[in-house]
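FYI, it's all coordinate maths here, none of it is from the lab. Predicted, not measured: the structure shown is a model, and the values here were computed from it. Note: ideal-geometry Cβ built from the backbone for every residue, glycine included; neighbour counts use all protein chains shown.
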Amino acid sequence: MGEYDAYRNRINASGSSMQDAVYQASKRKIINDFLNSPTLSKVRLNSNLDYHSVIISDIETFYKRLILFLPETVLNVGDYVYHDDSIYLATDCKKYDLYPQLYVELCNETFVLTKEATKIIIGYDEFKRPIYESTAPTVFRIPCVMSTKIYSIVDNSAIPLPDGAMMIKLPYNPQQIPKINYIITLRNAQYKVTTISYEKVINEVGYVDIRLQRET
């Protein structure tokens, strides 16, 4: 019996396939190299308080970054990434088992969304008339990516928006999406929501592109 045959038999005896063995060996090496990297950083994902070890590289200075995570980390487009004192929004995700990655953009603005007070039926009186209870307005302060440019699909170059127009990227949350014509104050000016694109939302996960127009 050759050395390779003996090795294969040991693998099979443990209940693992050759493919699994290679995968696990690769994962161990990647984790070892990863954790010994001189550029290792720590980040948090969304509301989770646990820290993740990552390697961060700049795409466009610190405004756009590529973040490499440890193998098998679960990631999604629309995730928030907290690094130092900054918040980033994941706009693309590569879900490789051994090399999961997020492309992120710096959240440079806060979108303030106010949900108006509503009335809900809490019962009925002796004459079968509904009894209402009013709910207080709810204010959401949502970190977002604000830009006055869009990117050309042809050459990925930045194209300025028309004067008074602005694009906002918000993580998808059905309870925190403004309605068309919603008015928001940003940087001492009022803007109206004109369009909302759900193109980057897949299976209820992702982010929305919201176009704003300054009110005159």
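For residue 78, all conditions in the list (1) out of contact with any Gly (no Cβ under 8 Å at 6 or more places or on another chain); (2) touching a residue at least 60 places away in the same chain (Cβ under 8 Å); (3) surrounded by 18 or more Cβ atoms within 10 Å (Cβ to Cβ) hold save one; what is the number of the exception?
(1)
Just to be sure I understand, how many residues within the stretch 173-216 are among the hydroxyl-bearing types (Ser, Thr, Tyr), surrounded by fewer than 18 Cβ atoms within 10 Å (Cβ to Cβ) and touching a residue at least 24 places away in the same chain (Cβ under 8 Å)? Spell out the reasoning first.
We begin by selecting, within the stretch 173-216, every residue among the hydroxyl-bearing types (Ser, Thr, Tyr); these are 182, 185, 191, 194-195, 197-198, 207, 216.
Still in the list and also surrounded by fewer than 18 Cβ atoms within 10 Å (Cβ to Cβ): 182, 185, 194-195, 197-198, 216.
Cutting the leftovers down to touching a residue at least 24 places away in the same chain (Cβ under 8 Å) gives us 182, 185, 198, 216.
Selection size over the stretch 173-216: 4.
Just need a number here: residues in the stretch 94-105 that are surrounded by fewer than 18 Cβ atoms within 10 Å (Cβ to Cβ) and not charged (D, E, K, R). Give the steps one after another, and end with the answer.
So the first thing to find is which residues in the stretch 94-105 are surrounded by fewer than 18 Cβ atoms within 10 Å (Cβ to Cβ), and the list is 94-99, 103.
Subset that is not charged (D, E, K, R): 96, 98-99, 103.
The total comes to 4.
How many of the residues in the stretch 27-58 are closer than 16 Å to residue 100 by Cα and part of a loop (DSSP other than H, G, I, E, B)?
Selection size over the stretch 27-58: 0.
Considering only residues of the stretch 177-216 that are of a type in the set (Lys, Arg) and not in a strand (DSSP E or B), which is farthest from the chain's Cα centre (by Cα)?
Going through the stretch 177-216, the residues of a type in the set (Lys, Arg) turn out to be 179, 187, 192, 200, 211, 214.
Right, trim to not in a strand (DSSP E or B) and you get 179, 187, 200.
On the way: 179: 21, 187: 24, 200: 11 Å.
My answer is 187.
Hey, can you tell me all the residues within the stretch 100-136 that are more than 18 Å from residue 89 (Cα to Cα) and outside any strand (DSSP E or B)?
Listed by number, the residues that qualify are 116, 117, 118, 125, 126, 127, 128, 129, 135, 136.
Of the residues 140, 111, which single one is touching a residue at least 24 places away in the same chain (Cβ under 8 Å), within 30 Å of residue 41 (Cβ to Cβ) and buried (at least 17 other Cβ atoms within 10 Å of the Cβ)? Give the steps one after another, and end with the answer.
Numbers: 140 fails: buried (at least 17 other Cβ atoms within 10 Å of the Cβ).
After ruling out the rest, the residue left standing is 111.
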